[in-house]
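One structure is given here, and the rest of the page talks about it.
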Amino acid sequence: MDATSDRPGNLVNTRSASDLPLWHEAFFGLDWLGLRFSSVYDGRGVERGDGSPVIVVPGCFASDASLAELHAWLSRVGYRPYYSGIGVNARCPEVSLDLLLKTVDRAFKETGIRVTLIGHSLGGLLARGAALRRPEAIRRVITVGSPVNGIAAHPAILAAAELLSGDCRGECLGALQRSLASTVAETCIYSKDDGVVDWHTCLRGDSANIEVTGTHVGLMFNAAVYRAIGEVMSAATEQSECFTAPQLRVA
């Protein structure tokens, strides 16, 4: 049976549980092994970064610590990574977004360079929300397995999210799917093997879309994802451009 809701902006699933292969997620360890044995893990074949700031944003129920692998890799290949400051992403999205904005402001102030945000799953929506609120401080958003074009996920995941969020129903999620400012680049990375989020909702017509193979959980330990991130960031036209940080607004 489909899990649906008529509450504006709430998580909505319009597909049956059988349409999303949640059992595939049991193989996320293979994604991690594949990364460890790949050349991209050591930075081979990845253009050296310019030291610009990159904030990594965890998915629903995940913590900043879950992105330690990506954080360390970004440092190895020449960027200045930051954790989101959210801690465990199990709060109302509005609260998590406020915490993320504080990290965006800090990274921009410390470096004077517009920030790149990389968000996994729900973290991608929060990254977009930050870009909508701080377009002057953010130059790029990379979403990974994120429902950026409608919200459709496995019913079991939606039920757990609603139970944990309590009275907060995520009314802001629809607003986080608005088009970004023309000055903010966007790339959406997705997998058709995603067992949690309907991959059709992970693409946008106004962004660059990159398909990889792998589980939803394993996307943050996926060699193809890391290589795509490296290529997207190295292709940036303002890679070496620095900016004087203006007076930042208070979240």
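So here's what we get for this one:
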{"quantity": "Relative packing of 101-107, 140-146, which averages over residues the other C-beta atoms within 10 Å, highest first", "calculated": "140-146, 101-107"}
{"quantity": "Pairwise label distance in nanometres, Ala72 with Phe37, each label 7 Å out on the Cα-Cβ vector", "calculated": "1.9"}
{"quantity": "Theoretical FRET efficiency, 1/(1+(r/R0)^6), r = Cβ-Cβ of Glu136 and Val95, R0 22 Å, to 0.05", "calculated": "0.40"}
{"quantity": "Net lengthening on full extension, Ser234/Glu110 (0.36 nm per residue, minus Cα-Cα)", "calculated": "42.5 nm"}
{"quantity": "Sites Ser63 and Ser182, calculated FRET efficiency, Cβ-Cβ separation with R0 22 Å, nearest 0.05", "calculated": "0.10"}
{"quantity": "Segment 49-156: Rg to Rh, with Rh as the Kirkwood radius over Cα pairs", "calculated": "0.95"}
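Taken together, the values in this text are just the output of simple stated rules run on the coordinates, not laboratory data. As the structure is a computational prediction, the values presented were derived from the model and not from experiment. Every residue, glycine as well, gets a Cβ built from its backbone with ideal geometry; the counts of neighbours run over all protein chains shown.
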